[in-house]
Amino acid sequence: MIPLKKIDIFNQLQSEILKLQGFKSASQMALGAGLGVIEKAFPNATFPLGAIHEFISQESEDVAATRGFLAGLLASLMRNDGTAIWISSQRTIFPPALKNFGLSPDRFLFLDLSKERDVLWAMEEALKCAALTTVIGEMREISFTASRRLQLAVEQSKVTGFILRNNAARLGTTACVSRWKVSSLPSEAVDGLPGIGFPQWRVELQRVRNGQPGVWNLQWRKNCLVHISGYDQASSIAYPAKQAG
Amino acid sequence: MDKRFVSIWFRYFATDWFSLRQPELKKRPLVLRMPSHGRMIVTAINAEAERNGLKRGMVLADARALVPALEVLDDEPDKISRVLTKLGEWCIRFTPFVALDSTDGLFFDATGCAHLWGSEEKYLSDIIQKIMARGYSVKAAMADTPGAAWAIARYEKKSGVTPPGQHIDALLPLPPQALRLEQETVERLHKLGLHQIKQFIRLPRTAMRKRFGPPFLQQLDKAIGQEMEMLEPIQPVEPYQERLPCLEPIVTAVSIEMALKQLLEKLCLRLQQEQKGLRTAVLKGYRVDGKIEQISIATSRPSHHVPHLFKLFEIKISSMEPALGIELFVLEAPKVEDHLPQQEKMWEAVGGLNDLRLSELVDRLANKIGADRIHRYLPAEHHWPERSYQSTDSLQKEPDADWRTDVIRPVQLLPSPLRIEVTAPIPDYPPLLFRHNGKVHSIVKADGPERIEQEWWLQQGQHRDYYRVEDEEGHRYWLFRLGHYHEETYTWFLHGYFA
């Protein structure tokens, strides 16, 4: 019998541990989240579904960028028949805008709660419901215990949860599988045309369990996320043509 | 045993009901009106109006001419018939068989009931007294057939019992309309000089059939008892209610849960058998000290699923205060709807919005945080951004229109537009820079304007010229200018953030 190399043993053990932790291998999970290069950062090169992801942002502009990136992600997650619940204490998302990202806004339920504690409770309840595809919760702070509770809820139901944290005072450890930060980049003009082009974001995967963190520039183009290596800062203002008469 | 029937005639049922609600109308002439063929027709009158010579079927204007101080109300036939059915249900105390008789009467099958009151006279006078006490003027008669009882109740001067076997004699002096004939037949009988039943009851049947048609003979046979009359009894719906008396007063939450589970199982079994589901349910706990503790739930679609309903109640059990103990539990379902079993699925897939698990989740959430906090939106066909979507409380309702994809809308829309200061070069051009929260944003790229006019039929105001702009840091905003540039009053606003 040929003795296994050390690296092979490591790999084998690693994949067994991943299996125990609930990460499925790429072949089992046919659904790609449409992330392209980013998926390589995750264990087994698969975007983990049935887990909690955390997004952090600081300013209103970043919040919008985060919503945009998330909507792009959800588009491939929800496909046509998925349903989602969006829980927040101060909702700013504009439902009709979701259509621009290929989502059906009528497949969303929006919960507007007054207290963050209720948001957590509602999110945990919703994450236990296997009929949902995804649950999005907006909250400022979350403790490790609370995030652990959410993680335990999704392990049963296989629902994917997203926590959007804006202006968090303390970014402590959480039980989420990943932590993202999205900020907006200048848009890219279409074929040098004036005006605003495709929206672009700088997506930082700050932490990922059993994976490789990284930073990417992404563009939302023709209903999918496209990875771009660099960008040129074309500056132009679309002036409307002076109308005759 | 020979059959006995009681016919009850409410002379002024509709007007009595209105005067019960407004007692001051009792002493005044009152009529109810309803539009018919472009005129207002009197459909019901009260005793006072009848004394003044008014009749049903008159044109309201004529009635007003006769009695200038006439009180007029709109008739509500549906409501009145519901009230009559309710009264019929109440009358089940006199006999198990109560039937409705058009819109102003009731039939009782009183066979074998009267001896409980001592005699038929006492029985009938008790009925009349009890109904009069409820505020309705009433005439009643008891006879061997429903038809005879009907005729005697309406065309004899006084209410009374016709002894068994004598109903034909009692019918003889009555006019032909007492046989519930068509108006046309009655007129023809009068024209022929047949003003009383005794004048034609002994005529040969073949001749009568030839002259007045088979329905006439049928009605006559019904009155004299040659033909059975079919009556449809009122069947009151048994309330969806379960009771659980306890031997020992109950004080702990665990025992309340056990009691609730037992009640739910009984109630849901009945609902399931009748293919119904409850929409609201109330659990009442009767305490030893006489107070009643109650908790209630509501569901978004009819349900008879015990674990789900139990979960809804479970959250609220802690709000029940047993104090010294609860000795009786009553579970009621005031609102029950049809719940037809759906075909079971071959495999359990993520079922989208129709999934039962989703509606159960919504129930649980609504139960705790309130149904008004849960929103689902459908597109509304309005250009004005704030009105471009509408809230719906149904999970299943499909959008009637498509969501718009031809316009780009910001991911985040501010609840109300924020006033900003801008520097804009010339009319119709996007601003060069704007100041927001003390920070100056200089604009690098822009699209627009997209003019959205105010919908004048909904709201007055100025139009908005929207611009999509991007500043030097790559942040994208939705700005608009309210009003025309050349007017002195125009202002700029920030309305949203693009992704």
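Assign unit charges at the C-beta atoms only (+1 for Lys and Arg, -1 for Asp and Glu), then state the dipole size of region B:1-236 relative to its Cα centre in Debye, rounded to the nearest 20.
On the way: 34 positive and 28 negative charges, 116 e Å.
The dipole magnitude comes to about 560 debye.
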*Set Lys and Arg Cβ to +1 and Asp and Glu Cβ to -1, take the dipole of the protein assembly as shown about its Cα centre, and tell me which of B:Ser318, B:Leu217, B:Pro249 lies farthest positive.*
B:Leu217
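Could you size up the charge dipole of the protein assembly as shown around its Cα centre, putting +1 on the beta carbon of Lys and Arg and -1 on that of Asp and Glu, and report it in debye to the nearest 20?
1040
Report, in listed order, any pair from A:Lys158/B:Lys316; B:Lys86/B:Lys335; B:Lys311/B:Lys335; A:Lys128/B:Lys316 with a Cα-Cα distance greater than 24 Å.
Details: A:Lys158/B:Lys316 28 Å; B:Lys86/B:Lys335 18 Å; B:Lys311/B:Lys335 19 Å; A:Lys128/B:Lys316 20 Å.
Distance filter (> 24 Å) returns A:Lys158/B:Lys316.
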*About its Cα centre, how strong a charge dipole does region B:54-149 have in debye, to the nearest 20, once Lys and Arg get +1 and Asp and Glu get -1 at the Cβ?*
220
*Where the centroid of each part is defined by its Cα atoms, how far is region B:282-330 from region B:94-144 in Å?*
41
*Between B:Gln226 and B:Lys55, with labels modelled 7 Å along Cα→Cβ, what's the label distance in nm to one decimal, could you check?*
3.2
*For helix A:6-20, what angle does its Cα long axis make with the longest principal axis of chain A, in degrees from 0 to 90 and rounded to 10?*
80
*For chain B, what are the per-bin percents of Cα-Cα distances with bins 20 Å wide, up to the bin holding the maximum?*
16, 27, 30, 20, 7, 1
*Mind checking which of A:Gly72, A:Gly192, A:Gly214 has the largest fluctuation in a GNM of chain A, springs on alpha carbons under 10 Å?*
A:Gly192
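Rounded to two decimals, what is the ratio between the C-alpha radius of gyration of region B:186-296 and 2.2 N^0.38 Å?
Details: Rg = 30.1 Å, N = 111, 2.2 N^0.38 = 13.2 Å.
Normalised Rg, Cα atoms only: 2.29.
Hey, fewest Cβ within 10 Å first, where do B:Met208, B:Met258 land in order?
B:Met258, B:Met208
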*Report relative contact order for chain B in percent, whole number only (criteria: Cα-Cα under 8 Å, sequence separation at least 6).*
9
*Can you find, among B:Ala110, B:Gly88, B:Pro77, the residue farthest towards the positive end of the dipole of region B:66-129? Put +1 on the C-beta of Lys and Arg, -1 on that of Asp and Glu.*
B:Ala110
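How would you rank B:Met132, A:Met139, going from fewest to most other Cβ atoms within 10 Å of each one's own Cβ?
Details: B:Met132 11, A:Met139 20.
Ascending number of Cβ neighbours within 10 Å: B:Met132, A:Met139.
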_Extreme residue, positive dipole direction of region B:287-418, given options B:Pro302, B:Ala333, B:Gly290 (C-beta unit charges)_ = B:Gly290
*asked:* Suppose we take every Cα in the protein assembly as shown and form the convex hull; what volume per residue is that in Å³?
replied: 328
*Expressed as a whole number of Å, what is the distance separating the alpha-carbon centroids of region B:396-414 and region A:96-117?*
11
_Relative contact order %, chain A, counting alpha carbon pairs below 8 Å whose residues are six or more apart_ = 21
*How large is the helix-only mean residue ellipticity at 222 nm for chain B, computed as the sum of -39500 (n - 2.57) over DSSP H runs with n ≥ 4, divided by its residue count, in deg cm²/dmol to the nearest 500?*
-8500 deg cm²/dmol
*asked:* Can you tell me which aspartates and glutamates have their Cα less than 16 Å from the Cα of A:Lys6? Leave out same-chain residues fewer than eight positions away.
replied: A:Glu16
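Ranked by Cβ crowding within 10 angstrom, fewest neighbours first, how are A:Cys176, B:Cys113 ordered? Walk me through the numbers before you get to the answer.
Working: A:Cys176 24, B:Cys113 17.
The most exposed by this proxy come first: B:Cys113, A:Cys176.
Under the definition of Cα pairs under 8 Å and six or more residues apart, what whole-number percent is the relative contact order of region B:26-128?
On the way: 126 pairs, mean separation 19.0, N = 103.
Averaging sequence separation for qualifying contacts and normalising by length gives 18 percent for region B:26-128.
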_Proximal lysines relative to B:Lys157, as straight alpha-carbon distance under 16 Å, when same-chain residues fewer than 8 apart are discounted_ = B:Lys139
*Under 26 Å from the Cα of B:Lys445, which lysines turn up, not counting those fewer than eight places away in the same chain?*
A:Lys99, A:Lys181, A:Lys222, A:Lys242
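We did not get these values from a lab; they are worked out from the coordinates using the rules stated. Predicted model only: the values in this text are computed from it and were never measured. Heads up, the Cβs are rebuilt from the backbone with ideal geometry, glycines too, and the neighbour counts pull from every protein chain shown.
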